[in-house]
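Down below is the structure, laid out as structure tokens.
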Amino acid sequence: MKYWPLLWSNIKRKKLRTLFTLFAVTSAFALFGLLAAMEHGMNGVMQIASAERIQTNAKLGALPISYGPKIASVDGVTAVTWFNGFRGYYQNEKNTFQVVATYPEGFLKVYPEVKLDAKARKAWFGDKPGAIAGTLIAKRNGWKVGQRIPVQSKRVTKQDGTHTWYVTLDGIYDTNLPDRYKNFVMIHYQYFNDSIAKNRDYVGQYIERIADPRQAAAISKKIDDKFATSFPQTRTASEVAETQTFIREFGNIGFITLVVGAAVFFSMLLVTVNTMSQSVRERTSELAVLKALGFGRGTVSGLVLAEAVGVTVIGGALGLVVAWLLAKAIYKSVQDVLPALGVPPAAVGLGILLMVVFGVIAGVLPLRQVFRLRAADALRRA
């Protein structure tokens, strides 16, 4: 700590130059953090996918509810559920969440990751206007089991011309899936279907649980063959395959992260090395005075290294904070497709390591000037 005043005076000597260097470092680590957040979001989507689930969608439009029993009769399918619903809100139009209309018994069989106690299950199954809510949305709104909740929608109209569904909260579920899945309100499809004014008896998607994941392709084909001459026809694929297709649309995010990160960090390193080299050249006489006063070569070199590491660590830390804030802001817009988006702890740890490594590199290169420096010659020129 006794060298801190000396270090601080060196860092703020050329304020504008230091600010530009900090900006370069901050930008590099902010981009690194955002790319890591994107990659983590993609990997998170893959981790959520289950090999024991397949998805059935319409090749065109929506699917009739009458397809449900036929899908359930396919050999190898152990459970079926379906989804419809709307974007709803509670009290305030800004307090929005996804209202999912589903078949309750099938939903909990297809998604064993959703944890709901036996009492709540029994209550929900037998309560047509009943609902369950995720732990996060229930906590945010202060909902309690047994409460009657008015859920409103701006786009979906009921047969009576209103836009409000009154549901009774029969239970609060938890899950080990990302937080997005703890912000759903699940209601009976039958209650939703009987209430809406238009597009009745249709669902957006069927989800099936299968006995043997190795037979996913064969079971998917059986389902599609069953509706080959019907309208609409179906397109069925494993949840893993659908997720892989989705990820491929974004390209090889890991390779992109590596290439872009390497280019940005190389540019940042050039800027930092140039800054430190200029700083050492400008302070030749000062470094000579330190040597003349008895500071050893190791101490002087350590001060130069500490300055370089200090600049990269400060800039890098700011960059990761910026990345975290940006990822948090972006998450609100993409949470439906990238529910795991965020800067992962592993990226933070790697970022800290890179800050130190780049700082040492930026300081080591100008050290040649320090090692060649002879105090008497430098003072004579000064």
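Here's a check for you: in segment 59-118, which residue that is aliphatic (A, V, I, L, M) and more than 23 Å from Ser220 (Cα to Cα) is surrounded by the fewest Cβ atoms within 10 Å (Cβ to Cβ)? Before the answer, list the steps.
Step one: list which residues in segment 59-118 are aliphatic (A, V, I, L, M), which gives 60, 62-63, 65, 71-72, 74, 77, 79-80, 99-101, 108, 110, 114, 116, 118.
Still in the list and also more than 23 Å from Ser220 (Cα to Cα): 99-101, 114, 116, 118.
Values: Val99: 24, Val100: 19, Ala101: 24, Val114: 19, Leu116: 20, Ala118: 8.
Here the residue is Ala118.
Tally the residues that are within 19 Å of His163 (Cβ to Cβ) and in contact with a strand residue (DSSP E or B) (Cβ under 8 Å, 6 or more places away or on another chain), restricting the search to segment 184-199.
Adding up the residues that qualify gives 10.
Just checking, does segment 157-168 include any residue being among the charged types (D, E, K, R) and open to solvent by less than 10 Å² (accessible area, probe 1.4 Å)? Before you say what the answer is, go through the steps one by one.
The initial filter retains those residues of segment 157-168 that are among the charged types (D, E, K, R), namely 158, 160.
Still in the running and open to solvent by less than 10 Å² (accessible area, probe 1.4 Å): none.
Looking for residues that are among the charged types (D, E, K, R) and open to solvent by less than 10 Å² (accessible area, probe 1.4 Å), one finds none in segment 157-168, hence no.
Scan segment 216-237 residue by residue and report those that are surrounded by fewer than 17 Cβ atoms within 10 Å (Cβ to Cβ) and within 32 Å of the chain's Cα centre (by Cα).
Ala217, Arg235, listed by residue number.
Among the numbered conditions (1) small (Gly, Ala, Ser); (2) open to solvent by 50 Å² or more (accessible area, probe 1.4 Å); (3) within 30 Å of Asp212 (Cα to Cα), tell me where Gly126 comes up short.
The single condition Gly126 does not satisfy is (3).
So, of the residues in segment 88-109 that are among the aromatic types (Phe, Trp, Tyr) and within 26 Å of the chain's Cα centre (by Cα), which turns out to be nearest to Ile210 (Cα to Cα)? Break it down into steps so the answer makes sense when it comes.
From segment 88-109, those among the aromatic types (Phe, Trp, Tyr) are 89-90, 97, 103, 107; that's our starting set.
From what's left, within 26 Å of the chain's Cα centre (by Cα): 89-90, 97, 107.
Numbers: Tyr89: 34, Tyr90: 36, Phe97: 30, Phe107: 13 Å.
My answer is Phe107.
Report, ordered by the first and then the second residue, all pairs with beta carbons closer than 8 Å, sequence separation of six or more or different chains, a first member in segment 150-165 that is over 10 Å from Ala197 (Cα atoms), and a second member that is acidic (Asp, Glu).
Lys154/Glu93
What is the number of the single condition among (1) part of a helix (DSSP H, G or I); (2) open to solvent by less than 20 Å² (accessible area, probe 1.4 Å); (3) at pLDDT 80 or above that Leu287 does not meet?
With (1) part of a helix (DSSP H, G or I); (2) open to solvent by less than 20 Å² (accessible area, probe 1.4 Å); (3) at pLDDT 80 or above applied to Leu287, the lone miss is (3).
Give the residue that is nearest to the chain's Cα centre (by Cα), with candidates limited to residues of segment 169-183 that are at pLDDT 90 or above and open to solvent by less than 30 Å² (accessible area, probe 1.4 Å). Break it down into steps so the answer makes sense when it comes.
Kept after step one, since they are at pLDDT 90 or above, are these residues of segment 169-183: 169-175, 182-183.
Subset that is open to solvent by less than 30 Å² (accessible area, probe 1.4 Å): 169-171, 173, 175.
On the way: Leu169: 29, Asp170: 30, Gly171: 28, Tyr173: 22, Thr175: 17 Å.
So the residue we want is Thr175.
If I ask for residues that are modelled with pLDDT under 75 and loosely packed, with under 13 Cβ neighbours inside 10 Å, which ones from segment 263-281 would you list?
Arg281
Go through segment 200-215 and give me each residue that's in contact with a strand residue (DSSP E or B) (Cβ under 7 Å, 6 or more places away or on another chain) and either open to solvent by 50 Å² or more (accessible area, probe 1.4 Å) or not polar (S, T, N, Q) (or both).
Let us first name the residues in segment 200-215 that are in contact with a strand residue (DSSP E or B) (Cβ under 7 Å, 6 or more places away or on another chain), namely 201-211.
Hits for segment 200-215 are Asp201, Tyr202, Val203, Gly204, Tyr206, Ile207, Glu208, Arg209, Ile210, Ala211.
If I ask for residues that are part of a helix (DSSP H, G or I) and closer than 19 Å to Gln147 by Cα, which ones from segment 171-191 would you list? Please lay out each step first, then the result.
Of the residues in segment 171-191, the ones part of a helix (DSSP H, G or I) are 179-182, 189-191.
Result: Lys182, Tyr191.
Select from segment 112-140 the residues that are free of Cβ contacts under 8 Å to residues at least 24 places away in the same chain and aromatic (Phe, Trp, Tyr) and list them in ascending order.
Once the filter is applied, which keeps residues that are free of Cβ contacts under 8 Å to residues at least 24 places away in the same chain and aromatic (Phe, Trp, Tyr), segment 112-140 yields only Phe125.
The values are calculated or read from the model by the stated rules, or taken from the named source; none is laboratory data. Treat the numbers as computed from the prediction; the structure is a model and nothing was measured. In this analysis, Cβ positions are derived from the backbone assuming ideal geometry, glycine residues included, and neighbour counts consider all displayed protein chains. Heavy atoms of the whole protein, side chains included, go into the accessibility calculation; ligands, DNA and RNA do not. Shrake-Rupley method; radii C 1.70, N 1.55, O 1.52, S 1.80 Å.
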